[in-house]
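Only one structure is covered here, and it is reproduced in the block below.
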Amino acid sequence: MRKIEELKKERNAVILAHNYQRPEVQDVADFVGDSLALAMKAREIDADVIVFCGVDFMVESAKIVNPDKVVLFPNPNAKCPMAAMVDADGLLKLKDEYGYDIVSYINTSAEVKAISDICCTSANAVKVVKSMQNGVIFTPDENLGMYVKRFVDDKEIVLWPGFCPTHVGIKVEDIMKLKREHPDAVILVHPECTPEVIDIADKVASTEGMVKYAKETEAKEFIVATERELCYRMKKEMPEKEFYPVENAICPNMKKITLDDVVMSLEKMEPEMVLDEEIMEKARKPLEKMLRIGR
Ligand code: 13P
Ligand code: SF4
């Protein structure tokens, strides 16, 4: 869209978008990726302004690792319900009880990150938990935590009972139906899905991990068990392959940002993500620790 290009130049802005954003928003983005790739990208951007098309915790993370930049959040109503399932007070009580370090999924508020020892995303959760010396409290995604447990047996992992409504809505039957229709398709599953769904996966990966795997394998067809918009990016980057989404796997919050919101935010230079300095400073440590571990 010409207007967005002009505004981007005028403001010296870069647009980052998550893989679940509307197709038209992905199309105007300079970079589309998973939570980890977006956090890494936000850190290395040298434009003055970042327009972040994602949900609250992603935009907060971009601001935390980049406090001197203007970070615009085109629709602040786009909030991840899983991130709202954990609060700092409850987590501190659990820490008192067990004395373990807190590993926070990036899908958490800045306040929760501020009391965490390290963050992780779905791309590096196993690696992060393996790097810890003692037992850990893993929050907020119980399904991701249970998935991590499959690979870590040298420490106790206490799970917080949070979940992603979009991913727990994906049922084994949804996938088996697609598999009957497309018997040669490889089953890709996000680790926020339930253990029963993970059990029937050919490959479990973050959204970026799914894109990478589909590019590298010889397979031509894929059942994609995550938010359905990832298939838009996959088809765009791999037009010769076929991607079958779970039709009802939609994250309503990821759809709240429209192209009009993006234009408006660049025109008015708002809404801007603003966070308490002290919280940002505390939250930066676990985020940076995670970014050093990488993918
Ligand atoms: P990814 O980091 O795999 O893109 O996941 C983000 C998310 O919110 C999954 O629901
Ligand atoms: Fe949150 Fe789930 Fe939406 Fe991801 S898909 S942003 S975890 S509600």
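The values are calculated or read from the model by the stated rules, or taken from the named source; none is laboratory data. None of the values given here were measured: they were computed from a predicted structure. Note that each Cβ is placed from the backbone with ideal geometry, even for glycine, and that neighbours are counted across all protein chains shown. Ligands, DNA and RNA are stripped out before the accessible areas are found, and what is left, the full protein with its side chains, is counted by its heavy atoms. Shrake-Rupley method; radii C 1.70, N 1.55, O 1.52, S 1.80 Å.
Of all residues in the stretch 164-191, those that are touching a residue at least 40 places away in the same chain (Cβ under 8 Å) and more than 21 Å from K149 (Cβ to Cβ) total 10.
Screening the stretch 69-109 for residues that are under 15 Å from the mean Cα position of the chain (by Cα) and not in a loop (DSSP other than H, G, I, E, B) and picking the one that is surrounded by the fewest Cβ atoms within 10 Å (Cβ to Cβ) gives A84. Here the condition is being within 24 Å of M234 (Cα to Cα) and either more than 16 Å from ligand 2 (Cβ to nearest atom) or touching an Asp or Glu at 6+ places or on another chain (Cβ under 7 Å) (or both); of D27, D68, D46, it holds for D27 alone. Applying the criterion of being open to solvent by less than 10 Å² (accessible area, probe 1.4 Å) and within 14 Å of ligand 2 (Cβ to nearest atom) to the residues of the stretch 49-65, the residue that is nearest to E142 (Cα to Cα) is F57.
Yes/no matrix, rows are residues, columns are (1) within 15 Å of ligand 1 (Cβ to nearest atom); (2) over 19 Å from L230 (Cα atoms):
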| position | (1), (2) |
| --- | --- |
| S35 | yes, no |
| I45 | no, yes |
| E60 | yes, yes |
| D68 | no, yes |
| M85 | yes, yes |
| Y98 | no, yes |
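If you go through the stretch 172-185 one residue at a time, do you hit one that is at pLDDT 95 or above, under 18 Å from the mean Cα position of the chain (by Cα) and crowded, with 19+ Cβ neighbours inside 10 Å? No. Every condition in (1) under 30 Å from V189 (Cα atoms); (2) exposed (fewer than 15 other Cβ atoms within 10 Å of the Cβ); (3) more than 19 Å from the chain's Cα centre (by Cα) is met by G294 except one, and the failing one is (3).
Taken together, the residues in the stretch 30-48 that are open to solvent by less than 10 Å² (accessible area, probe 1.4 Å) and of a type in the set (G, A, S) amount to 4. If you check I102 against the conditions, is it more than 16 Å from ligand 1 (Cβ to nearest atom) and in contact (Cβ under 8 Å) with a residue 12 or more places away in the chain? Answer is yes for this residue. Could you please give the count of residues in the stretch 205-230 that are among the hydrophobic types (A, V, I, L, M, F, W, C) and surrounded by fewer than 22 Cβ atoms within 10 Å (Cβ to Cβ)? The number of residues fulfilling the criteria is 2.
Just to verify a result, which residue in the stretch 149-160, among those that are in contact (Cβ under 8 Å) with a residue 40 or more places away in the chain and not aromatic (F, W, Y), is nearest to P191 (Cα to Cα)? Here the residue is V158.
Among the residues making up the stretch 136-146, a single one is open to solvent by 10 Å² or more (accessible area, probe 1.4 Å) and either without any contact (Cβ under 8 Å) to a residue 24 or more places away in the chain or closer than 19 Å to I293 by Cα (or both): E142. Contact map, the stretch 5-21: first residue on the phi > 0 side of the Ramachandran plot, second residue open to solvent by 20 Å² or more (accessible area, probe 1.4 Å) and away from ligand 2 (no atom under 16 Å from the Cβ), Cβ cut-off under 7 Å, separation 6 or more or different chains; pairs are N12/D48. Scanning the stretch 231-255 for residues that are open to solvent by 70 Å² or more (accessible area, probe 1.4 Å) and either within 22 Å of A125 (Cβ to Cβ) or among the hydrophobic types (A, V, I, L, M, F, W, C) (or both) returns a single hit, I250.
The helices (runs of 4 or more DSSP H) falling completely within the stretch 216-295 that include 3 or more residues that are within 16 Å of ligand 2 (Cβ to nearest atom) map to 230-237.
P23 meets the conditions (1) within 30 Å of E156 (Cα to Cα); (2) within 19 Å of the chain's Cα centre (by Cα); (3) surrounded by fewer than 19 Cβ atoms within 10 Å (Cβ to Cβ) in every case but one. The failed one is (1). Inspect the stretch 85-107 for any residue being within 16 Å of ligand 2 (Cβ to nearest atom) and touching a Lys or Arg at 6+ places or on another chain (Cβ under 9 Å) and give the result as yes or no. Checked the stretch 85-107: at least one residue is within 16 Å of ligand 2 (Cβ to nearest atom) and touching a Lys or Arg at 6+ places or on another chain (Cβ under 9 Å). Among all residues of the stretch 192-199, there is none that is open to solvent by less than 10 Å² (accessible area, probe 1.4 Å), in a helix (DSSP H, G or I) and without any contact (Cβ under 8 Å) to a residue 24 or more places away in the chain.
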